[in-house]
Amino acid sequence: MASLNVMKNLRPAKRYADALMKFSSGDSYLQLCEDLEFVSNNILKNDELREFLFAPIVSKSDKNDALRQIFLGKISEPVLNFLFLLVENNRVSILNDVLLCFKQDIDKVQNVLRADIFSAVELNSDEREALISKLKIKAKMEVLADFRVDETLLGGIVIKINDTVIDLSLKKRLKNLKEVIER
């Protein structure tokens with residue numbers, strides 16, 4: 001069911017993120033992103049606030065008043081107005097999805113590729129740099145990598161870039177070998 005919600009919210013979230021991109025300029029991307037992250041984190045951490053903002057019986061003006069009281073002076077006016085727009089369109093619940101899409105749009109504009117790299121053991125700095133260098137050459141983009149250890153891999157690495165997974169792990173190779181043997 002959760003994946004259905006993600007797919008359902010992806011289109012509207014993308015449209016709102018695209019609107020934010022058109023509204024902002026290169027200088028303001030990061031500020032808007034920081035402000036949206038601040039709001040999203042506060043809503044996620046505060047159950048009462050989240051329930052209040054998501055409740056259909058609470059009036060839009062009450063929601064806007066609450067947002068104004070909580071965030072006025074802590075975030076930029078454009079982001080506060082954007083929150084009012086989400087309230088008006090009953091879309092506050094997709095704020096985190098909008099933020100994720102907005103970050104992806106910023107990365108595209110800045111020619112940045114984000115990668116999650118999982119390895120069975122901690123990679124040393126030379127191995128990390130070599131891997132990032134190869135990814136930069138292949139992608140022809142700046143690469144920001146988040147390295148993590150996953151001992152279940154047994155050996156090798158797994159690279160996740162958006163929806164693409166490059167599985168070069170020993171675990172995957174053993175699974176493939178087992179499938180070939182069982183045929």
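Screening segment 126-172 for strands (runs of 3 or more DSSP E) wholly inside it with 1 or more residues that are among the basic types (Lys, Arg), in contact with a Phe, Trp or Tyr (Cβ under 7 Å, 6 or more places away or on another chain) and not assigned by TED's automatic domain parsing to the domain that holds PHE102 returns the ranges 142-149. Taking the conditions (1) assigned by TED's automatic domain parsing to the domain that holds LYS22; (2) at negative phi; (3) part of a loop (DSSP other than H, G, I, E, B) in turn, ASP62 satisfies each one other than (3). VAL143 fulfils the conditions (1) closer than 30 Å to ASP35 by Cβ; (2) surrounded by fewer than 16 Cβ atoms within 10 Å (Cβ to Cβ); (3) touching a strand residue (DSSP E or B) at 6+ places or on another chain (Cβ under 8 Å) except for a single criterion, (2).
The single condition from (1) at pLDDT 95 or above; (2) surrounded by fewer than 17 Cβ atoms within 10 Å (Cβ to Cβ); (3) closer than 21 Å to LYS103 by Cα that SER28 fails is (1).
Only one of the numbered conditions (1) free of Cβ contacts under 8 Å to residues at least 60 places away in the same chain; (2) surrounded by 18 or more Cβ atoms within 10 Å (Cβ to Cβ) is violated by VAL98, and that is (1). Remark: pairs (first residue in segment 16-37, under 18 Å from LEU86 (Cα atoms); second residue of a type in the set (Gly, Ala, Ser) and at pLDDT 85 or above; Cβ separation under 6 Å; 6+ apart in sequence or on different chains) = ASP35/SER76.
Taken together, the criteria exclude ASN81 from residues that are of a type outside the set (A, V, I, L, M, F, W, C), outside the structural domain of THR164 (by TED's automatic domain parsing) and in a loop (DSSP other than H, G, I, E, B).
The values are calculated or read from the model by the stated rules, or taken from the named source; none is laboratory data. Predicted, not measured: the structure shown is a model, and the values here were computed from it. Methodologically, a virtual Cβ is constructed for each residue, glycine included, from the backbone with ideal geometry; neighbour enumeration extends over all protein chains shown.
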